[in-house]
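These notes concern the structure reproduced below.
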Amino acid sequence: MKHKFSINIRFVLGLIAIGCIGLTGTSFAQNPKMFPTATPSSSGSPETSRKAKGGTLSSADKAFIKDAAKGGMMEVAMGRVAGKNATNSEVKNFGARMVKDHSQANEDLKAIAKEENVEWPAEKEPGKWKSDKDYMDAMVKDHEKDLAAFEKEAKNGSDPKVKSFADKTAKTVREHLEMAKEIDAKLK
């Protein structure tokens, strides 16, 4: 009889242990903060938590954002100066178009930079030029360089939002380049 009693006690203790383990697992499932690796975070997708930690953009994507931001801000600043100081009406209009289009592109890019925790560069003073021809020469060279950079990012970038921005903006940069070449050819 004594032997039977000890077997029953072991059996009961075993059931109690299994019950406790089961209840513990249930409480962890209901409160993932107590045991963070047991269940996915309730705060959202891995994408959301990745963004909260600073993003994982490639260094090339970050460099593109910073370079495009610097270039875009410079286009706006130089466009304002051209709008005020140019003597040719087409150059003035081109400057105004640079202000409008690049301001919009800068706002779009700034939103991506903020979301990805990429530091926005400081604005610099616009370069000086001696004539409308100098400004348009600079615009042709600058837009040729920018178009190549935007097309490269659109093709080879790793972040879908940055690639989409680059693709969309490359079309505008191409228009600007064509306009700049046309205006530049008319100037002496």
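Every number here is computed from the coordinates shown, using simple stated rules; none is lab data. As the structure is a prediction and not an experimental result, all values here were calculated from the model. Quick reminder, even Gly has a Cβ in these numbers, built from the backbone with ideal geometry, and neighbours come from all protein chains shown.
What pairs in Lys66/Lys100; Lys62/Lys84; Lys130/Lys163; Lys155/Lys186; Lys128/Lys161; Lys133/Lys168 have C-alpha atoms more than 25 Å from each other?
Flagged as over cut-off: Lys62/Lys84; Lys130/Lys163; Lys155/Lys186; Lys128/Lys161; Lys133/Lys168.
Using θ = phi - 60° and the Karplus curve 6.51 cos²θ - 1.76 cosθ + 1.60, what whole-Hz ³J(HN,Hα) does each residue of the stretch 174-188 get, with Gly and Pro shown as x?
After applying 6.51 cos²θ - 1.76 cosθ + 1.60, I find 4, 4, 4, 4, 4, 4, 4, 5, 5, 5, 4, 5, 7, 8, 10 Hz.
If the chain between Arg174 and Lys84 were fully stretched, how many nm would it gain, using 0.36 nm times the residue separation less the Cα-Cα distance?
Stretched fully, the Arg174-Lys84 segment lengthens by 30.0 nm.
Suppose R0 equals 45 Å; then what is the FRET efficiency for Lys161 and Lys133 from their Cβ-Cβ distance, rounded to the nearest 0.05?
That gives a FRET efficiency of 0.75.
Points 7 angstrom from Cα along the Cβ direction at Asn117 and Arg10: gap in nanometres?
Placing both labels 7 Å along Cα→Cβ, they lie 5.5 nm apart.
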